[in-house]
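The values are calculated or read from the model by the stated rules, or taken from the named source; none is laboratory data. As the structure is a prediction and not an experimental result, all values here were calculated from the model. Note that we place each Cβ from the backbone using ideal geometry, even for glycine, and neighbour counts take in every protein chain shown. Accessible surface areas use protein heavy atoms only, side chains included; no ligands, DNA or RNA. Shrake-Rupley method; radii C 1.70, N 1.55, O 1.52, S 1.80 Å.
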Amino acid sequence: MSETPGKPAAKNAGLSEAEHEAAVDKARGEGHAAGSTEATTRLGDVLGAEGIKGDGGRMAAALDLAVKSPAMAAADVSAYVIANVAANAGASGQDPATYEAERLNAAGLAAPQERAGAKKATINRSEIYSARAKQSKG
């Protein structure tokens with residue numbers, strides 16, 4: 001047998017086997033990996049553009065536009081979003097110190113023992129024991 005097991009039989013398509021192997025290797029090396037790297041770089045450029053970076057509303061709009069229009073250049077996506085989406089569209093419009101205070105206050109609701117002036121929870125074992133004893137008697 002002159003054929004290599006597991007390898008498709010060569011078809012004469014005008015290419016030598018060496019040219020065919022070189023074309024396959026090139027396609028495997030440049031195909032998917034290069035495309036995904038290019039797409040990742042494009043999205044990074046869009047989301048990191050001045051005027052978009054750090055603004056939740058603009059970042060969401062830029063990501064949506066970049067995904068729906070893959071042929072649009074990163075600079076064009078950024079320019080369009082900056083021109084058409086209001087700054088801080090996704091934010092409450094308050095300064096960071098006020099936001100932080102509200103966030104910490106909301107976290108205090110989830111952990112009341114950490115709030116100032118909150119009473120610490122206590123357990124009265126004798127009341128629990130007597131309540132269970134009454135339940136078991138009937």
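Overview of results
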| item | result |
| --- | --- |
| HN-Hα J in Hz across the range 41-51 - Karplus 6.51, -1.76, 1.60, θ = phi - 60°, x for Gly and Pro | 4, 4, 5, x, 5, 5, 6, x, 5, 4, x |
| Exposure ranking of T98, T122 by accessible area [1.4 Å probe, largest first] | T122, T98 |
| Accessible area in the full protein assembly, largest first, 1.4 Å probe, for V67, V81 | V67, V81 |
| With all protein chains modelled, accessible area of D76 [1.4 Å, Å²] | 80 Å² |
| Inter-label distance, nm, simple model (7 Å from Cα along the C-beta direction), L15/K120 | 7.7 nm |
| Nearest-10 value in Å² for the accessible area of R103, using the 1.4 Å probe | 110 Å² |
